[in-house]
Amino acid sequence: MITEDNLQDIFELADILSASNQEIYSHLKEVVFAADPEQILDQLERVLSAEAFDNFLDDIGESEKDNLWLILSYLLEAYGYAMVCHQKIGLDDFMTRFDRLAPVRKAGVSLKLDREGLEPAAGLAAWATVVEEKLADEGFHLLLLQNATGKNSLVFLQALAYQRVQALAEKNGFQVTAAKEIS
């Protein structure tokens, strides 16, 4: 069961992770307060690509709270604030998808233009370490949002936002990991 505190935390997470994107907030609000599960699915089907919607249907579980975390991750991906990130992702795919993230574009970062230190065989944790080292002066971090199905969504955050997301996630039993620490 979802408590009022859980809802407040989810909305705060949505606000932080989406840089206060009102469309994401609005969609999440419609999903949370939907009277009928079909309304939730209709809302998500309008926002997600066909493939993402099918994946979402495969990922739904029994826990309302976990499903809300899952919905938030799918909305963040749909609007370019997170990217699905598998351990087996190739460097070119990683760089392309990373460079498309809204917060990355806003920060003026481009891995395609600055690939120094990014070795194709190194893997996600090593790439995250290199990216964070490159952006240390600006205080950016890479965080993986994990859900019950094992799906990881990578987000790019400022240090203060990163710490708050970790605290809220931990409080609610959601899994988050620094991308550079993923094994």
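Suppose R0 equals 45 Å; then what is the FRET efficiency for TYR79 and ALA121 from their Cβ-Cβ distance, rounded to the nearest 0.05?
Details: r = 32 Å, r/R0 = 0.71.
It comes to 0.90.
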Study note, to complete from the structure: When the charge dipole of the chain is computed with +1 on Lys and Arg Cβ and -1 on Asp and Glu Cβ about the Cα centre, the Cα farthest towards its positive end, among GLN39, LEU157, MET1, belongs to LEU157
Study note, to complete from the structure: Its Cα gyration tensor gives the range 117-176 an equivalent ellipsoid whose semi-axes in whole Å, largest first, are 22, 17, 6
Practice item. Evaluate the distance, in nm, between pseudo-label points positioned 7 Å from the Cα of GLN39 and of GLU4 along their respective Cα→Cβ axes. Key: 2.1 nm
Point to revise | Amide N of the range 138-173 lying under 14 Å from the label point, which is placed 7 angstrom from the Cα of GLU181 along Cα→Cβ | key: 141-146, 162-171
Revision key, fill the gap. With only helices counted (DSSP H, runs n ≥ 4, each -39500 (n - 2.57)), the per-residue ellipticity at 222 nm for the chain, to the nearest 500, works out to -17000 deg cm²/dmol
Check your understanding: For the chain, what is the Kirkwood estimate of the hydrodynamic radius, computed as the reciprocal of the mean inverse distance between distinct Cα atoms, to one decimal in Å?
Key -> 16.7 Å
Review point. Regarding the range 1-108, what are the three Cα extents along the principal axes, ordered largest first, in Å?
Key: 42, 27, 23
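Nearest 20 debye, what's the magnitude of the dipole of the chain about its Cα centre given +1 on Lys and Arg Cβ and -1 on Asp and Glu Cβ? All intermediate terms of the calculation are to be shown ahead of the outcome.
Details: 15 positive and 31 negative charges, 123 e Å.
Rounded to the nearest 20 debye, it is 600 debye.
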Point to revise | Note, ³J(HN,Hα) from phi for the range 113-121, Karplus 6.51, -1.76, 1.60, rounded to Hz, x at Gly and Pro | key: 8, 9, 8, 3, x, 8, 9, x, 7
Review point. Where the centre of each part is set by its Cα atoms, how far does the range 134-183 sit from the range 50-98, in angstrom?
Key: 14 Å
Practice item. Please identify every one of the GluC sites (Glu not before Pro) in the range 60-135 that sits in a loop by DSSP and has no more than 13 other beta carbons within 10 Å of its own beta carbon. Key: GLU62, GLU116
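Within the range 28-91, list the trypsin sites (Lys or Arg not before Pro) lying in a DSSP loop whose Cβ has at most 15 other Cβ atoms in a 10 Å radius. Could the numbers behind the result be given before it?
Details: sites: LYS29, ARG46, LYS65, LYS88; in loops: LYS88.
Those satisfying the criteria are LYS88.
To the nearest 0.05, what FRET efficiency results for THR96 and LYS171 with a Förster distance of 22 Å applied to their C-beta separation?
0.05
Every read-out reported here was derived from the displayed coordinates using simple, explicitly stated rules and does not represent laboratory data. Everything quoted here is computed from the prediction, not taken from an experiment. Glycine gets a Cβ as well: all are built from the backbone with ideal geometry, and neighbour counts include every protein chain shown.
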